[in-house]
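Participant: Got a structure for you, written out below as structure tokens; questions coming shortly.
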Amino acid sequence: MTTGKRALIVDDSRSARVILSRMLEQHGLAVDTAESAEQALEYLHQQRPDVIFMDHLMPGMDGFQAVQVIKGDPQTATIPLMMYTSQEGELYVSQARALGAIGVLPKTVRPVDVSRVLYQLHLLPDRRQLRSALFAERAAAAKAAAEAAGGTEAAPVGAEGAASLEHPVPTPRTAPAAQPGEAPFTGTGTWTLPAAAISELQGGLRQSVQQLVKDQLAEQRRFMLATFEAFARRMSSEIKEGIAKVPVPPAVEPIVPPPPPVPWWPVVLTAFLGALPAVVLGVLYWQAMQAQAGLGRELVAAKAEAAAAAKLAQSAAARTQATIGPSVTTSLAAPPPSGPPAGPVAVEYVPYGETPLANARLERLRGLAATLEAQRFRGRIVVETFIGDFCLSGNAGDGFEVADDALPTPKCDLVGNPFEDALSPAQRQSLAFANFAATLGQRTGGAITVETVNAGRRNPVEYPEQGERSTAGEWNAVATQNNRVEFRLVPAG
């Protein structure tokens, strides 16, 4: 049965087009197909189908873009358009409806879904109308047969009464005219269909239903075969592609058994016996070097102590001669009327890191002042500080200290005296030294005064050369002699 309606299927999958085409052809629709959205638009320039089934995902222009073009053209905007896709979700359905699609079907569309859409679009006659027409035709045939038999009147049978055809159907009948002398007939009677008409009607109905069932089963069989054929082709292509993608297994190499393990203890014992003499010789050599280094340090320390003792003896002799000797008395008794001060009457050495005018230097000033007061000396005591450069180890952040005596002088981190270089004139003397100098002048009525002078690095004792053979001990012994305080007497003019 052909309905005279036409449908357009737009899908890039041949199997999907075949399946949907057969479903539509079962309902009597003529079907045209297009492999792409562009081909469908060319088709719409010449034809006007009654409905369009549009796939979503296609190469080139997709389904959404095609729907926008179709709904934007006044010539094709009124054509009903149904989308179908493998995607799910309310968002996709909302987008499709917003673009103008009347609905969305799943990709694996079912015949019942196609039937429902066609009935909603009124592209198929209603089932109730088909049944009414069928039963009306059968009822007319039964009525004609009844009239030919005579004596009964067939009642019209519609869709509502088709289910009760096997029972008598009551129909109103006009009462015959009353004879003279008889009372009029006021009752009602019923007419029944003859058994032959009912049997013929049932046979025709049964034959029609059987034919419809056979046709439906044949269509379903053809649809199932087409579906299975498309599914088999798709599965065959997918299996072939999967087989082509399977990597060829690598050739299995024969497993070579590992060699038997070699005993480890002979190797370890041999290595130990070979290394033992070297270790013993190394220990002996290290001990010899330590002993030699210790002897060198002791020698340097002895030299430094000898030099310091000689200097102390000289200074002690000079102090004794200056304080109680005849020459000192003579120089104090008859000093020159003017000119630079005479040589130092006392010398004190300042260790690195100590305040120059403090400690032993303060005690020496007190002893010298007491001697001069006893001799009734009048004049100045000039206290000169000199700076010596030491061989130091350390850094500016952590501080410096006197280097080890055995350290070669080229390896000194610094040669200098950063401690005294950083002192201000007020910091070069302790508070006790400053107080004693002030009270001495007050106690003697200004007869004896103390004057401090920073001589810096003038008149140094010559330092040794910085070579690989010179050590920090030798260098610092000279630096100690240069880092000194000299006391000189300047009589009043």
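The values are calculated or read from the model by the stated rules, or taken from the named source; none is laboratory data. Note that the coordinates shown come from a computational prediction; the quantities given were computed from them, not determined experimentally. Methodologically, a virtual Cβ is constructed for each residue, glycine included, from the backbone with ideal geometry; neighbour enumeration extends over all protein chains shown. Accessible surface is based on the protein model in full, side chains and every heavy atom, while ligands, DNA and RNA are left aside. Shrake-Rupley method; radii C 1.70, N 1.55, O 1.52, S 1.80 Å.
Participant: Express the carbon and sulfur contribution to the solvent-accessible surface of region 380-449 as a percent, rounded to the nearest whole number, probe 1.4 angstrom.
Facilitator: Details: 1810 of 3360 Å².
Here carbon and sulfur together make up 54 percent of the probe-accessible area.
Participant: Using a 1.4 angstrom probe on the protein heavy atoms only, could you order 286, 475 from most to least accessible area? All intermediate terms of the calculation are to be shown ahead of the outcome.
Facilitator: On the way: 286 150, 475 20 Å².
Of 286, 475, the descending order of accessible area is 286, 475.
Participant: Return the FRET efficiency for the residue pair residue 265, residue 244: r is the Cβ-Cβ distance, R0 is 60 Å, and the value is rounded to the nearest 0.05.
Facilitator: 0.55
Participant: In what order, largest first, do 33, 78 sit by accessible area if the probe radius is 1.4 Å?
Facilitator: The ordering from most to least exposed comes out as 78, 33.
Participant: What lysines could a cross-link reach from residue 71, if we take a straight Cα to Cα line under 24 Å and drop same-chain neighbours fewer than 8 places away?
Facilitator: Those lysines meeting the cut-off are 5, 107.
Participant: At 1.4 Å probe size, with every protein chain present, just tell me what the per residue accessible area of region 345-442 comes to in Å².
Facilitator: 47 Å²
Participant: Additional query: Just read off the accessible area of residue 411 with the full protein assembly in place, 1.4 Å probe, to the nearest 10 Å².
Facilitator: So the heavy atoms of residue 411 present about 130 Å² to solvent.
Participant: Lysines near residue 411 by alpha-carbon distance under 24 Å, same-chain residues fewer than 8 away left out - which ones?
Facilitator: By straight Cα distance, residue 411 reaches 303.
Participant: Follow-up question, since we're still on this one. May I ask you to derive the relative contact order of region 17-133, considering only C-alpha pairs under 8 Å and at least 6 residues apart, and to give it as an integer percent? It would help to have the intermediate numbers written out before the result.
Facilitator: Working: 117 pairs, mean separation 25.2, N = 117.
Across region 17-133, relative contact order equals 22 percent.
Participant: For residue 396 and residue 439 in the same chain, what is the full-extension length gain: residue separation times 0.36 nm, less their Cα-Cα distance, in nm?
Facilitator: 11.6 nm
Participant: I'd like the FRET efficiency for residue 32 and residue 251, computed as 1/(1 + (r/R0)^6) with the beta carbon distance as r and R0 of 56 Å, rounded to 0.05.
Facilitator: 0.50
Participant: What spacing in nm lies between the two simple spin-label points modelled at residue 224 and residue 73, each 7 Å away from Cα in the Cβ direction?
Facilitator: A separation of 4.1 nm, rounded to one decimal place.
Participant: Not counting ligands, DNA or RNA, and with a 1.4 Å probe, what is residue 298's accessible surface area in Å² rounded to the nearest 10?
Facilitator: 120 Å²
Participant: Say each of residue 278 and residue 462 gets a label point 7 Å from the Cα, pointing the same way as Cα to Cβ; how far apart are those two points in nm?
Facilitator: Using points 7 Å along Cα→Cβ, the separation is 5.0 nm.
Participant: Share of region 1-88's accessible area from carbon and sulfur, percent, 1.4 Å?
Facilitator: 44 percent
Participant: Take the Cα of residue 470, step 7 Å along the line toward its Cβ, and report every residue of region 367-397 whose backbone nitrogen sits under 17 Å from that point.
Facilitator: 388-393
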